[in-house]
Amino acid sequence: MPRDVERGVTVESRPRRDYDPLGVRLGGFRLDAAAEAGLGWDSNLFGRERNIRSDGFATQSGSLSLDSDWSTHAVGVSGNVDARQYFRESSLDWTDWNVGGFGRYDFSADTNVDARYRHYRQHLDVYNFDVQTAGISQPVPYDSDEVQVTGVTRFNRVGLLGTGTYRTYRFQDTTLAGVPQPVSNNDFDTVIGAVGTTYAFAPGRHITGVVRVQDINYTKSVSNGRDSFTWEALVGFQYDFDGVWQGRLAFGWRQRDYRSPTIKTLEGPAVEGQLTWSPSLLTTVSFNVARTIEESIRLDAVSYQRTTAAARVDHEYLRNVILGADCGPIAANTAARTRPRPTASPRSAPVTC
């Protein structure tokens, strides 16, 4: 069908009507569910260069969603769960889940307002740069509530988007070698607002721009000095070169100012980008890069700049068999600390492929 081979369709996004689940029809709604289980092996549990430890694990995942099937407007609820249990290293076990719903009101084909709420139970992995630097050798669980409202519209070639997000982060204290780790001192609430625009100067070719602001407030008085305000502005393009190569890239500047005068302003270039190569209808190769500012859970640090780069290959071996592989090095440098420390060279996590 034309939709299966049109420009911009990737191996992952291509519909497969012969194999895609039909769901259960409940009037104007559709009920979908899925469950998976498997076994795996991790050759370097902690992502270390020395004292490497390995272990096998079992994983389970499940999802359930109920969404409207209306021609205009939409509502839905969904839930997901992911869990992993290690054979020997039971302290590394984790269970993540989330549940939420959304509603969308359509004013026209080009204009709508969307509202969402979701509660998350997630964790920071033990090989996370920030967790390792904090000296914690087990996953760090946290709960989060998120409310988001987004509006989009279009005027001829100009598209506009506005979004507002409120999210809470509540970390769970851990104990390491009998010593309590007060990770909950890092609990915070954040509000993010963004306005973006696109201008289409040709089919599949757009100039883009976005401005974002973020306010972070810590809930514990001991951490109030870490409160911050961030702004960023990026301009770039989204470009379909020839149907085989497609790119999206934006450059700009990001600055974070802190409530405490003893914490240095964190600023620097902001980058977001993706390059997609489709050598055939059966293979898609994508490259991603991003530079962001992340909150730290360490006692001696506030935030750090994180640069991520990743590559992924998806191949349609059979109509109902998709093969995928990815490779993603992550590099991070801490740039804002709560008290002076000797300067150290940037650390990088091992490349994972």
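Report, to two decimal places, the Cα Rg of region 196-340 normalised by 2.2 N^0.38 Å (N = number of residues). List each step's numbers first, then the result.
Details: Rg = 19.5 Å, N = 145, 2.2 N^0.38 = 14.6 Å.
In units of the globular-protein estimate, region 196-340 measures up at 1.33.
Please report the carbon-and-sulfur percent of the accessible area for the chain; probe 1.4 Å, protein heavy atoms only, DNA, RNA and ligands left out. Before the final figure, lay out each step's value.
Values: 11550 of 20010 Å².
Carbon-and-sulfur percentage of accessible area, whole number: 58.
Would you work out which of 268, 228, 244 lies farthest towards the positive end of the dipole of region 161-278? Charges go on Cβ: Lys and Arg +1, Asp and Glu -1.
228
Simple spin-label model, 7 Å along Cα-to-Cβ: residue 116 to residue 24 in nm?
Those two pseudo-labels are separated by 2.5 nm.
More than 39 Å apart: what percent of Cα pairs in the chain qualify? Don't skip to the end; give the middle numbers.
Details: 12846 of 62128 pairs.
Within the chain, distances greater than 39 Å cover 21 percent of Cα pairs.
What distance in nm separates the simple spin-label points at residue 143 and residue 287, each placed 7 Å from Cα in the Cβ direction?
It is 4.4 nm.
Report the Cα centroid-to-centroid distance between region 260-291 and region 123-157 in angstrom, as an integer.
16
Can you grab the distance from the C-alpha centre of region 54-75 to the C-alpha centre of region 89-122, Å, no decimals?
10
Normalised by the residues of the chain, what does the relative contact order come to in percent, with Cα pairs under 8 Å and at least six apart?
Answer for the chain is 9 percent.
Between residue 156 and residue 219, what's the calculated FRET efficiency when r is the beta-carbon distance and R0 is 45 Å? Round to 0.05.
Numbers: r = 46 Å, r/R0 = 1.02.
According to the calculation, E is roughly 0.50.
Kindly give Rg over Rh for region 238-322, based on alpha-carbon atoms, with the Kirkwood expression for the hydrodynamic radius.
Details: Rg = 18.7 Å, Rh = 15.8 Å.
Answer for region 238-322: 1.19.
How much length, in nm to one decimal, is gained on full extension between residue 323 and residue 173, taken as 0.36 nm per residue of separation minus their Cα-Cα distance? Write out the running numbers ahead of the final one.
Values: separation 150, 0.36 × 150 = 54.00 nm, distance 3.91 nm.
Difference between extended and current length: 50.1 nm.
Taking the solvent-accessible surface of protein heavy atoms with a 1.4 Å probe, what is the per residue accessible area of the chain in Å²? Mind dumping the intermediate values first?
Working: 20010 Å² over 353 residues.
About 57 Å² of surface per residue is accessible.
What FRET efficiency comes out for residue 85 versus residue 205 if R0 is 45 angstrom and r is the Cβ-Cβ distance? Round to the nearest 0.05.
On the way: r = 48 Å, r/R0 = 1.07.
Once the sixth-power term is evaluated, E becomes 0.40.
Hey, with R₀ at 30 Å, roughly what FRET efficiency would residue 43 and residue 189 work out to, going by the Cβ-Cβ distance, to 0.05?
Numbers: r = 39 Å, r/R0 = 1.29.
Once the sixth-power term is evaluated, E becomes 0.20.
Run the simple label-point estimate for residue 255 and residue 58 please: 7 Å along Cα→C-beta, distance reported in nm.
It is 5.5 nm.
Kindly give Rg over Rh for region 57-123, based on alpha-carbon atoms, with the Kirkwood expression for the hydrodynamic radius. Before the final figure, lay out each step's value.
Working: Rg = 17.2 Å, Rh = 14.2 Å.
Taking Rh as the inverse mean 1/r over Cα pairs, Rg/Rh reads 1.21.
The values are calculated or read from the model by the stated rules, or taken from the named source; none is laboratory data. This one's a predicted model, so the numbers in the text were calculated from it and none came from an experiment. Every residue, glycine as well, gets a Cβ built from its backbone with ideal geometry; the counts of neighbours run over all protein chains shown. Ligands, DNA and RNA are stripped out before the accessible areas are found, and what is left, the full protein with its side chains, is counted by its heavy atoms. Shrake-Rupley method; radii C 1.70, N 1.55, O 1.52, S 1.80 Å.
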